[in-house]
Amino acid sequence: MGRNRRLKKRLWRLRSNPLRRHDDIVEAWIVLVMWAVVLVGGALSGLVTFHAADEVFSAQRTERHSVQAVLLTDTPSPTSTVGGARDLIKAKVRWTTADGTRRTGSTLVETGKKAGSKVVVWVDSAGALTIEPPSRTEATLESAVLGLTAALALAGLAFGTGAVVRYRLNQRRIDSWDTEWKLVGPTWGRKTG
């Protein structure tokens, strides 16, 4: 019995009531639609974004591969870094593509290397320099963050739109009350006998 009463209390805007205004029904539907968009739309947009990003990262891992390159210039000696991070600097390198063509270009390499040193660079299917693709774990984490961001963005948009519409409804109610008070208020004047 108590559970039924709580459900009725939560759905009070949808119940038949002589004091219920049309705006109350509109507001109830706005809240219902807003929550449906947040829950269903947010979940769908998050999943679609997650899968799309995961496919892009998977394609990058398939297309890109590492090759040995030769460093063409000396790089400066490393500086002390906090937390053991590597110092990277842009330097010229030369590598051979799968079809045997020699290419040169600039990429980030570790500091403290001499010209002629072997370095590992990443190239795409055309043989052009590119960045290392994210690992499967990194790609999954980044895809999840992108999916969550998409879901939260849709939720924010839905809440914002719902808040604006509910604000306009409240303004309309206040204007209606003001008009009614202007009609009724003067008749309530104090009468002395």
Residue within region 89-101 that is modelled with pLDDT of 90 or more and open to solvent by 60 Å² or more (accessible area, probe 1.4 Å) present: yes
ARG64 being closer than 19 Å to PRO133 by Cα, of a type outside the set (A, V, I, L, M, F, W, C), modelled with pLDDT of 90 or more and out of contact with any helix residue (DSSP H, G or I) (no Cβ under 6 Å at 6 or more places or on another chain): yes
Region 126-139 residues that are open to solvent by less than 40 Å² (accessible area, probe 1.4 Å), paired with ones that are among the hydrophobic types (A, V, I, L, M, F, W, C) (beta carbon under 6 Å, 6 or more apart): THR130/TRP122; PRO134/PHE57; ALA139/PHE57
Test set (1) over 30 Å from ASN170 (Cβ atoms); (2) surrounded by 14 or more Cβ atoms within 10 Å (Cβ to Cβ); (3) at pLDDT below 85; (4) not polar (S, T, N, Q) - ASP23 fails condition number: (1)
Scope region 106-125; condition more than 17 Å from SER77 (Cα to Cα), open to solvent by 50 Å² or more (accessible area, probe 1.4 Å) and assigned to a loop (DSSP other than H, G, I, E, B); matching residues: SER125
Which listed residue is of a type in the set (A, V, I, L, M) and without any contact (Cβ under 8 Å) to a residue 60 or more places away in the chain, from LEU148, LEU108: LEU108
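The values are calculated or read from the model by the stated rules, or taken from the named source; none is laboratory data. Given the structure is predicted, the values throughout are model-derived calculations rather than measurements. Counting neighbours? That spans all protein chains shown, and the Cβs are built from the backbone with ideal geometry, glycine included. Side chains included, ligands, DNA and RNA excluded: accessible areas come from the protein's heavy atoms. Shrake-Rupley method; radii C 1.70, N 1.55, O 1.52, S 1.80 Å.
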